[in-house]
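Read the structure below first, then the notes.
The values are calculated or read from the model by the stated rules, or taken from the named source; none is laboratory data. Computed from a predicted model, the values in this text were never measured in an experiment. Cβ coordinates were reconstructed from backbone atoms using ideal geometry, including for glycine residues, and neighbour counts include every protein chain displayed. Accessible surface is based on the protein model in full, side chains and every heavy atom, while ligands, DNA and RNA are left aside. Shrake-Rupley method; radii C 1.70, N 1.55, O 1.52, S 1.80 Å.
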Amino acid sequence: MSSIIEVTHLEKVFGDKRALQDLNFQVEQGETFGFLGPSGSGKTTTIKILTGQLRKTSGEAKVLGLPAEQLNKPEYRKRFGVVTDNSGLYQRLSIFDNLKLYAQLYDVPLNRIEEVLEMVNLRNEQKTQVVKLSKGMTQRVILARALLHKPELLFLDEPTSALDPVNSKHIHTGLKELNKLGTTIFLTTHDMSEADYLCNRVAFLHKGKVQLLDTPSQLKKQFREELIQVELRDGSQLELPLAPASAAELQGYLAADQVETIYTKEPTLGDIFVEVTGRELI
Ligand SMILES: Nc1ncnc2c1ncn2[C@@H]1O[C@H](COP(=O)(O)OP(=O)(O)OP(=O)(O)O)[C@@H](O)[C@H]1O
Ligand SMILES: [Mg+2]
């Protein structure tokens, strides 16, 4: 596997505020990479730098093997897609006509529009003017637009923040499918179960740096409390060390048919988020 995004000692300063301090990470081709962190930690700033919309202060950011500043050049724009809340949709045009304009700009056949509308669950609304759409519907049009040209790399900045659970689930299925077909996805989200479901690896951003980076399952193992929780049939609860020393005691309860349930406590990505950043989810 080769890295599709390479970030080394990246720094971004706004006036007297250092948004990114010493950011380092790589995204491998074909993965879905979760970029997680508290509000104001620099996720959107990073996406803007990686897509050539914002200049870095220092360090290196390479995307698709190119310096990120070059990505806003027309010849490279076809290779990636971006979803942020900065919509740029034509309010008076219908959903279909907005997508048609993009399809023409990107030399995409018009029958692709139906496919992307299906993916975002908006086929029946395609004649509606964008100005009349709800926030969640607008978010889905922006996602559809980013998918039109089948980009090899997709940046998604909180793509489901305005969506109801049914539409989120529909989008999740579509993103899994897209990833399976080879699109690399860089995703920010405040929804830790979304990150857990979609991402091969996640990075936790805090204080301008990546504090932790691994697969969700490794992180959960790493942060797991080494305890076995046992609930007995009489309603009492026990905690035993997850170790050979607990075997005899556990066997005793099992042999006497006293055990109602046994489990080990798995932390969620949300628990890990709070532990790493010291902050509750916002
Ligand atoms: N154009 C700008 N001028 C000055 N400061 C900015 C600018 N853009 C971002 N910042 C600051 O940089 C920091 C990071 O902002 P950013 O929008 O990247 O955070 P975020 O992680 O995307 O937050 P959220 O989860 O709320 O979207 C914040 O302190 C913000 O105030
Ligand atoms: Mg943001």
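Please specify each residue of region 169-188 satisfying the condition of being among the β-branched types (V, I, T) and touching a residue at least 24 places away in the same chain (Cβ under 8 Å).
From region 169-188, those among the β-branched types (V, I, T) are 171, 173, 183-185, 188; that's our starting set.
The answer is I171, T183, T184, I185, T188.
With a requirement of 1 or more residues that are under 15 Å from the mean Cα position of the chain (by Cα) and more than 16 Å from ligand 2 (Cβ to nearest atom), the strands (runs of 3 or more DSSP E) lying completely within region 130-242 that satisfy it span 153-157, 184-188, 201-206, 209-214.
Residues that are touching a Ser or Thr at 6+ places or on another chain (Cβ under 7 Å) and open to solvent by 20 Å² or more (accessible area, probe 1.4 Å) within region 199-220 comprise N200, R201, H206, listed in sequence order. All conditions but one from (1) at pLDDT below 95; (2) crowded, with 18+ Cβ neighbours inside 10 Å; (3) within 16 Å of ligand 1 (Cβ to nearest atom) apply to I171; the one that does not is (3).
Let's see how each residue does on (1) under 24 Å from R77 (Cβ atoms); (2) at pLDDT 90 or above; (3) outside the structural domain of Q26 (by TED's automatic domain parsing); (4) surrounded by 18 or more Cβ atoms within 10 Å (Cβ to Cβ):
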site: I142; (1), (2), (3), (4): yes, yes, no, yes
site: R145; (1), (2), (3), (4): yes, yes, no, yes
site: E152; (1), (2), (3), (4): yes, yes, no, no
site: A162; (1), (2), (3), (4): no, no, no, no
site: P165; (1), (2), (3), (4): no, yes, no, no
site: K176; (1), (2), (3), (4): no, yes, no, no
site: N179; (1), (2), (3), (4): yes, yes, no, yes
site: T183; (1), (2), (3), (4): yes, yes, no, yes
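Could you tell me whether region 87-95 includes any residue that is β-branched (V, I, T), modelled with pLDDT under 95 and either under 30 Å from Q126 (Cα atoms) or open to solvent by 70 Å² or more (accessible area, probe 1.4 Å) (or both)? Walk me through how you get there before you give the answer.
Keep residues of region 87-95 that are β-branched (V, I, T), which gives 95.
If we keep only those that are modelled with pLDDT under 95 as well, we get none.
No.
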